[in-house]
Amino acid sequence: MENLNQFELAVLERVAVNHPSIREHIPFLKVINRENTGVGMYINFVYHNKPKGLKPIFPLDIALSTNDNVVIYPLKRGLGFEVAIMNGQIQFIEFITYDEFWDGSTQGFSFVPLI
């Protein structure tokens, strides 16, 4: 298990702006693995030292995102993303390119609101 990196934390915090209950879960997340598909990536999580009183995220089963695109060089069209919530817990983040190969590099990322 690994700690979340700066990019993963930034995405979760960005989603938490509109879904604040996510923020309470972030400190207890560890990365199980990062699956690069070539045109996207899955970041799979497990909870570590989760307190018994941690309230579930509602709705219990939903995919959450923002109205943002992630800009990362050298991708021409950036990345889309969503955070999967299952049984009230954060399960994974899915990143997708728009038909571009992506090596998983996240250096110099930024968020740009979609119009």
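The values are calculated or read from the model by the stated rules, or taken from the named source; none is laboratory data. This one's a predicted model, so the numbers in the text were calculated from it and none came from an experiment. Neighbour counts run over all protein chains shown; Cβ positions are idealised from the backbone, glycine included. Note: accessible area is taken over every heavy atom of the protein model, side chains too, but ligands, DNA and RNA are not part of it. Shrake-Rupley method; radii C 1.70, N 1.55, O 1.52, S 1.80 Å.
From (1) hydroxyl-bearing (Ser, Thr, Tyr); (2) open to solvent by less than 60 Å² (accessible area, probe 1.4 Å); (3) under 18 Å from Met1 (Cβ atoms), pick out the condition that doesn't hold for Tyr42.
Unmet condition: (2).
Give me a count of the residues in the stretch 65-85 that are over 14 Å from the mean Cα position of the chain (by Cα) and among the hydrophobic types (A, V, I, L, M, F, W, C).
Final tally of qualifying residues: 3.
Looking at Ile32, Ile57, Ile90, Ile85, can you tell me which residue is in contact with a Gly (Cβ under 6 Å, 6 or more places away or on another chain) and in contact (Cβ under 8 Å) with a residue 12 or more places away in the chain?
Ile57
Among the residues of the stretch 45-66, is any aromatic (Phe, Trp, Tyr), outside any strand (DSSP E or B) and surrounded by 12 or more Cβ atoms within 10 Å (Cβ to Cβ)?
Within the stretch 45-66, the subset aromatic (Phe, Trp, Tyr) is 45, 47, 58.
If we keep only those that are outside any strand (DSSP E or B) too, we end up with 58.
This time we only want the ones that are surrounded by 12 or more Cβ atoms within 10 Å (Cβ to Cβ), so: none.
Among the residues of the stretch 45-66, not one is aromatic (Phe, Trp, Tyr), outside any strand (DSSP E or B) and surrounded by 12 or more Cβ atoms within 10 Å (Cβ to Cβ), which makes the answer no.
Just wondering, is there one or more residues in the stretch 73-88 that are open to solvent by less than 60 Å² (accessible area, probe 1.4 Å), part of a loop (DSSP other than H, G, I, E, B) and more than 16 Å from His19 (Cα to Cα)?
Yes, the stretch 73-88 has at least one match.
Scan the stretch 17-31 residue by residue and report those that are part of a helix (DSSP H, G or I) and open to solvent by less than 70 Å² (accessible area, probe 1.4 Å).
Ser21, Ile22, Ile26, Phe28
Can you tell me which of Arg14, Arg34 is part of a helix (DSSP H, G or I) and under 13 Å from the mean Cα position of the chain (by Cα)?
Answer to the check: Arg14.
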